[in-house]
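Values quoted throughout were computed directly from the atomic coordinates according to the rules given, and no laboratory measurement underlies them. Model, not experiment: these values are computed from the prediction.
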């Protein structure tokens with residue numbers, strides 16, 4: 001049986017509705033967007049046409065018009081609506097204006113053509129959508145794969161997920177650690193940085209961005225001021241540049257800086273960020289420790305377990321009113337704060353059983369109203385159970 005992600009049902013249902021909106025599958029590279037849309041169109045009873053702007057040949061606006069005309073021939077009053085899929089379309093300058101014109105032409109003519117747009121990262125796609133296609137699109141977010149999905153598709157254990165992360169394309173290589181690491185670094189990390197960030201954005205210091213990514217993975221789970229980060233990078237840059245590069249890495253689904261929770265107070269963007277990768281493979285692919293060695297190293301394993309919880313949180317809040325933060329005061333810290341409106345849930349992660357009070361939790365709940373205080377692992381909620389639970393359920 002072929003595994004199908006939950007987004008499959010969402011997209012298929014929308015393509016069976018009367019033509020209403022352009023559907024946008026937005027997410028990081030190698031999260032299965034292309035496979036997902038191919039599964040949907042294979043099961044669609046009408047005609048379909050798939051085209052990718054990520055191929056080596058130079059693409060321009062005429063290419064979009066050509067693909068659109070090809071798809072239009074699949075439709076007629078006697079046929080079920082056809083589907084046009086345009087992959088990596090944001091790599092064509094001015095794509096959104098041409099898409100708007102063609103979509104509006106079909107609307108006036110009553111052409112029953114569904115359009116699906118795929119992009120490597122939310123901001124890469126939405127930078128064009130928000131300019132020209134307001135009111136004409138819906139976004140279906142495609143996050144990194146969860147533990148439940150890796151278990152269902154590949155039979156992975158919690159330990160495998162904590163170490164290898166959630167890239168489905170790398171799953172067949174985990175029995176060959178060196179080959180797995182090289183695949184992640186070459187096919188995922190380097191491709192994302194060079195093609196999805198440097199090619200699509202102005203980056204004056206590409207070496208600084210690459211080092212920021214490496215340091216961010218090295219210190220994932222740590223709180224560092226931008227000035228300390230600059231010291232680690234040994235670069236004479238400025239904090240504004242670092243914050244911008246961190247935003248680019250976040251938009252590519254790789255690494256972000258969580259902001260300190262401040263409740264209803266005005267949050268200062270300049271507060272020291274807490275690094276958080278979006279997929280644990282981005283950490284372990286840079287390590288010399290294999291799975292067994294990492295499990296025997298309590299400090300390393302504790303870091304990976306916390307990072308797994310963090311990556312689950314940041315991947316799960318996309319497209320919701322929830323947000324993920326951290327909190328600290330002096331030497332007291334709360335690993336994660338899950339916020340929704342004026343409600344907050346404090347989350348502490350432990351990889352080993354621990355007795356006694358959690359001073360960070362006590363201090364945090366003394367300063368802010370807390371809906372729940374959750375201990376994940378360490379004799380509290382099992383890690384696999386927590387990262388398989390819908391986050392909205394904690395606010396009920």
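Note on region 286-396: Kirkwood radius taken over Cα pairs, Stokes-Einstein applied at 10 °C and 1.306 mPa s, translational D equal to 107 µm² s⁻¹.
List the relative contact order of region 147-395 as a percent without decimals, with contacts defined as Cα pairs under 8 Å and 6+ residues apart.
Computed over region 147-395, the figure is 17 percent.
Shown for the chain is the translational diffusion coefficient from the Stokes-Einstein equation, using the Kirkwood radius over Cα pairs, a temperature of 4 °C and a viscosity of 1.567 mPa s: 58 µm²/s.
Sort region 6-142 into rounded, prolate or oblate with this rule: let a ≥ b ≥ c be the square roots of the eigenvalues of the Cα gyration tensor; rounded if a/c is under 1.5, and if a/c is not under 1.5, prolate when a/b is larger than b/c, oblate otherwise. Judged from the Cα gyration tensor, region 6-142 comes out rounded (a/c under 1.5). Antiparallel beta bridges, as assigned by DSSP with both residues in region 147-395, represent about 70 percent of the total such bridges.
For region 194-310, what is one quarter of the convex hull surface built on the Cα atoms, given in nm²? That works out to 8.2 nm². Normalised by 2.2 N^0.38 Å, with N the number of residues, the alpha-carbon radius of gyration of region 245-307 equals 1.39.
Separation of region 334-396 and region 187-258, taken as the distance between their Cα centroids, equals 29 angstrom.
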